[in-house]
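One structure below.
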Amino acid sequence: MVGAIHGRLLTAWAVAGVLGPVLVNYLREYQLSIGVEKAAAYDITLYILAGLLVLGFICNALVRPVAPKYFMTEAELAAERAHGEKSAPAASELEWSADPSSKPVAVAAWLVVGIPLAWGVGSPCRRPSCCSSNAVLVEKPAQASRLRGLFRFCPSDHRR
């Protein structure tokens with residue numbers, strides 16, 4: 001049986017998974033809008049995230065065990081078990097299997113997700129290496145800035 005703490009944990013993870021990147025993005029955009037250079041835009045953001053981590057540690061440290069007065073007595077537990085045995089469905093009612101006709105739909109759904117994912121993961125591998133010293137040799141500045149946008153994932157591109 002899964003307790004309420006499991007639901008709270010999953011909810012917290014889901015909220016953190018959505019709000020964390022949104023918070024980082026908004027803080028970075030704010031830093032850039034007030035004139036902080038791009039190389040230093042994440043400094044304040046990381047301090048704020050470290051503060052949130054400390055806040056989470058404090059919240060975890062404040063969690064205490066449930067008081068014994070909230071536990072069920074042996075009599076209440078026996079009554080619940082007896083009630084559960086009467087209303088529990090038979091084991092055969094709990095069995096489930098997928099409808100064989102749903103297999104093409106499942107395969108199509110996985111293809112709809114898998115093909116763009118595979119393309120997105122594989123597409124950087126088809127680009128010329130931006131990190132080599134002779135990656136972009138152009139004479140016109142406008143063409144260089146356009147080509148530089150193609151290589152925006154290069155970790156050695158410190159010009160921007």
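The values are calculated or read from the model by the stated rules, or taken from the named source; none is laboratory data. Note that the structure is predicted; figures quoted are calculated from it, not measured. In this analysis, Cβ positions are derived from the backbone assuming ideal geometry, glycine residues included, and neighbour counts consider all displayed protein chains. All accessible areas refer to the heavy atoms of the entire protein, side chains included, with ligands and DNA or RNA removed. Shrake-Rupley method; radii C 1.70, N 1.55, O 1.52, S 1.80 Å.
A few remarks follow.
- Criterion (surrounded by 12 or more Cβ atoms within 10 Å (Cβ to Cβ) and within 30 Å of residue 84 (Cβ to Cβ)) met by exactly one of 12, 4: 12
- Residues considered: 135, 98. Of these, the only one that is modelled with pLDDT of 75 or more and open to solvent by less than 80 Å² (accessible area, probe 1.4 Å) is 98.
- Residues satisfying the stated conditions in segment 50-65, i.e. of a type in the set (A, V, I, L, M, F, W, C) and either in contact with a Leu (Cβ under 8 Å, 6 or more places away or on another chain) or open to solvent by 90 Å² or more (accessible area, probe 1.4 Å) (or both): 53, 55, 57, 62, 63
- Every pair of residues 6+ apart whose Cβ atoms lie under 6 Å, when the first sits in segment 66-81 and is without any contact (Cβ under 8 Å) to a residue 12 or more places away in the chain and of a type outside the set (A, V, I, L, M, F, W, C) while the second is surrounded by 10 or more Cβ atoms within 10 Å (Cβ to Cβ) and not in a helix (DSSP H, G or I): none
- Only one entry in 23, 46 is out of contact with any strand residue (DSSP E or B) (no Cβ under 7 Å at 6 or more places or on another chain) and in contact (Cβ under 8 Å) with a residue 24 or more places away in the chain, namely 23.
- Residue count, segment 24-48 (criterion: open to solvent by 60 Å² or more (accessible area, probe 1.4 Å) and assigned to a helix (DSSP H, G or I)): 12
- Scope segment 61-93; condition of a type in the set (S, T, N, Q) and at pLDDT 85 or above; matching residues: 73
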